[in-house]
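S.K.: Pasting a structure here, questions to come.
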Amino acid sequence: MKRKTRLILISLLALAAGAGIVHSCKGGKAALSIDTAGVEKGNVSITVTATGTLEAITTVEVGTQVSGVIERLYADFNSVVKKGQLLAKLDETMLRATLDQSEATLMDAEADLSYQNGNYQRMKSLYDKNLIAQADFDQAEYSYKRSLAGVASAKASLQRNQVNLAYASIYSPIDGVVLNRAVDEGQTVAASFNTPTLFTIANDLTRMEVQASVDEADIGQVREGQRVEFTVDAFPSEEFEGTVTEIRLKPVVTSNVVTYTVIINAPNPEKKLMPGMTASVNIFLSEADTVLIIPSKALKFKPESENTSGKTMMTRRPERGEMVWVYEGGRMLPRSVKTGLSDGSITEIISGLKEGEEVILSAKTAEKSQKNEKTASSPFVPKRPGSANKNNPPQPPPQ
């Protein structure tokens with residue numbers, strides 16, 4: 001009766017603990033504590049993690065090719081602009097003066113050309129009749145051709161100054177949003193050696209991209225078209241999705257660490273994502289949805305052949321193939337399985353198990369646990385007063 005009562009209590013404990021199961025035999029001399037997990041359906045994925053920065057797909061820096069003072073600004077931060085819209089205007093006083101000077105130079109060159117042309121025609125007529133020397137004719141021809149060159153040069157200078165005057169008006173090259181305005185009204189900009197940036201315009205913030213840095217050890221597994229999930233600190237509880245669109249070949253070396261830039265498209269219809277945000281990226285290399293899964297720990301479990309009482313509790317483990325041990329009807333049975341994807345903690349089961357079965361993760365005998373506890377106790381640790389030692393009971397005082 002005592003043995004039956006103890007087995008019933010053990011069964012109740014197994015139901016209450018769920019995964020923890022205790023098995024005893026021969027009057028409880030060897031108790032086996034078994035940890036199990038159920039075979040269930042779930043998702044398995046293999047991913048590569050990286051960090052990146054969100055950027056607009058097209059970003060244009062608008063500058064000026066002429067120097068001058070900013071006379072008027074027509075756009076500000078976050079302004080929505082259209083292609084060809086006027087953004088700013090420079091003071092045109094000096095540019096117009098230069099243009100007027102070019103027009104005067106052209107008129108002078110054309111007048112000289114008219115005079116030299118008439119002189120050349122007269123000299124040519126006299127030269128044809130052998131009435132002047134060759135040197136006089138050559139001088140007239142030389143002066144005429146120089147006048148032609150002078151007119152061409154004056155026209156080119158005029159066109160250049162007309163273009164410079166047009167550059168005094170800054171127009172948007174694309175449709176988009178102004179991300180940055182780098183100048184104020186009244187500020188002088190100098191375009192002598194480089195083009196100063198006046199505005200930074202992003203094309204379309206509803207379509208963005210993540211420029212992720214992937215370690216050289218993982219870049220070989222990344223392919224275009226793979227699905228991506230990423231999060232940003234501004235919305236930590238929300239996951240955004242994207243797709244790998246480009247893997248750039250140029251390496252980036254930082255402190256002897258080599259990474260490669262992977263471009264991920266990031267739809268942003270609600271415009272929650274902003275340029276410059278840091279993204280934590282998961283690139284899905286392989287996925288299996290709604291498949292049978294078990295903890296990977298079950299594939300590493302290797303039970304002992306006999307328990308402490310000497311009675312055989314399990315069948316010998318087969319030597320080949322992936323194996324798990326199933327707890328069924330109070331027995332530990334080996335099962336050959338075919339595995340699929342594994343992320344290290346969860347493994348896909350293709351065949352060999354059914355949903356609802358229990359696989360064994362670990363098994364320990366209670367006697368070994370108690371023995372380990374006794375071995376671990378130190379004689380140097382002080383004991384509570386009045387506690388008796390079973391091995392060395394207290395001796396009566398001498399008579």
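S.K.: Report yes if T49 is of a type in the set (S, T, N, Q), out of contact with any Lys or Arg (no Cβ under 8 Å at 6 or more places or on another chain), loosely packed, with under 14 Cβ neighbours inside 10 Å and in a strand (DSSP E or B), otherwise no.
M.R.: For T49, the condition - of a type in the set (S, T, N, Q), out of contact with any Lys or Arg (no Cβ under 8 Å at 6 or more places or on another chain), loosely packed, with under 14 Cβ neighbours inside 10 Å and in a strand (DSSP E or B) - is met.
S.K.: Restricting to the stretch 212-233, name every residue that is under 14 Å from T51 (Cβ atoms), open to solvent by 40 Å² or more (accessible area, probe 1.4 Å) and not hydroxyl-bearing (S, T, Y).
M.R.: D215, D218, D233
S.K.: Only residues that are closer than 17 Å to K300 by Cβ, open to solvent by 30 Å² or more (accessible area, probe 1.4 Å) and assigned to a strand (DSSP E or B): list them for the stretch 320-337, please.
M.R.: E322, Y327, P334, R335, S336
S.K.: Based on this model, can you work out whether A182 counts as among the small types (G, A, S) and either touching a strand residue (DSSP E or B) at 6+ places or on another chain (Cβ under 9 Å) or without any contact (Cβ under 8 Å) to a residue 12 or more places away in the chain (or both)?
M.R.: Taking the combined requirement at face value, the residue satisfies it.
S.K.: Next up: In the stretch 56-76, what residues are in a strand (DSSP E or B) and in contact with an Asp or Glu (Cβ under 6 Å, 6 or more places away or on another chain)?
M.R.: Listed by number, the residues that qualify are G68, V69, I70, E71, L73.
S.K.: OK, next. Applying the selection to the stretch 144-176, what residues are closer than 30 Å to N117 by Cα and either buried (at least 16 other Cβ atoms within 10 Å of the Cβ) or touching a His at 6+ places or on another chain (Cβ under 6 Å) (or both)?
M.R.: Scanning the stretch 144-176 gives Y144, S147, G150, V151, A154, S157, L158, N161.
S.K.: Taking strands (runs of 3 or more DSSP E) that fall entirely within the stretch 161-243, which contain at least 3 residues that are under 18 Å from L86 (Cβ atoms)?
M.R.: Output list reads 169-171, 176-181, 197-202.
S.K.: So, one more: Of all residues in the stretch 248-295, which are small (G, A, S) and more than 14 Å from the chain's Cα centre (by Cα)?
M.R.: If the condition is that a residue be small (G, A, S) and more than 14 Å from the chain's Cα centre (by Cα), then S255, S286, A288 are the ones that fit.
S.K.: Still on this structure, I have one more. What are the pairs, 6+ residues apart or on separate chains, where a residue within the stretch 92-103 that is at negative phi has its Cβ under 8 Å from a residue that is of a type in the set (F, W, Y) and assigned to a helix (DSSP H, G or I)?
M.R.: none
Residues are listed down the side, and each one gets a yes or a no for (1) surrounded by fewer than 17 Cβ atoms within 10 Å (Cβ to Cβ); (2) polar (S, T, N, Q); (3) under 30 Å from S296 (Cα atoms); (4) not assigned by the TED database to the domain that holds F240:
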site	(1), (2), (3), (4)
T53	yes, yes, no, no
N78	yes, yes, no, yes
Q85	yes, yes, no, yes
Y120	no, no, no, yes
M123	no, no, no, yes
N130	yes, yes, no, yes
Q134	yes, yes, no, yes
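Listed here are the residues, each with its yes/no results for (1) without any contact (Cβ under 8 Å) to a residue 12 or more places away in the chain; (2) touching a strand residue (DSSP E or B) at 6+ places or on another chain (Cβ under 9 Å); (3) open to solvent by less than 30 Å² (accessible area, probe 1.4 Å).
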| position | (1), (2), (3) |
| --- | --- |
| V178 | no, yes, yes |
| V210 | no, yes, yes |
| F235 | no, no, no |
| L249 | yes, yes, no |
| V252 | no, yes, no |
| N256 | yes, no, no |
| Y260 | no, yes, no |
| P267 | no, yes, no |
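S.K.: Looking only at residues that are β-branched (V, I, T) and surrounded by 15 or more Cβ atoms within 10 Å (Cβ to Cβ) in the stretch 61-76, which one is nearest to P275 (Cα to Cα)?
M.R.: V62
S.K.: Being among the hydrophobic types (A, V, I, L, M, F, W, C) and either at pLDDT below 90 or over 16 Å from V60 (Cα atoms) (or both) is the filter here, so list the residues in the stretch 184-206 that pass it.
M.R.: V189, A190, A191, F193
S.K.: It is to be established whether one or more residues within the stretch 190-198 are within 11 Å of A88 (Cβ to Cβ) and of a type in the set (S, T, N, Q).
M.R.: Scanning the stretch 190-198 turns up no residue that is within 11 Å of A88 (Cβ to Cβ) and of a type in the set (S, T, N, Q).
The values are calculated or read from the model by the stated rules, or taken from the named source; none is laboratory data. Values in this document were obtained by computation on a predicted structure and should not be read as measured data. All Cβ positions, glycine included, derive from the backbone under ideal geometry; neighbour counts span all protein chains shown. These accessible areas exclude ligands, DNA and RNA; they are computed on the full protein's heavy atoms, side chains included. Shrake-Rupley method; radii C 1.70, N 1.55, O 1.52, S 1.80 Å.
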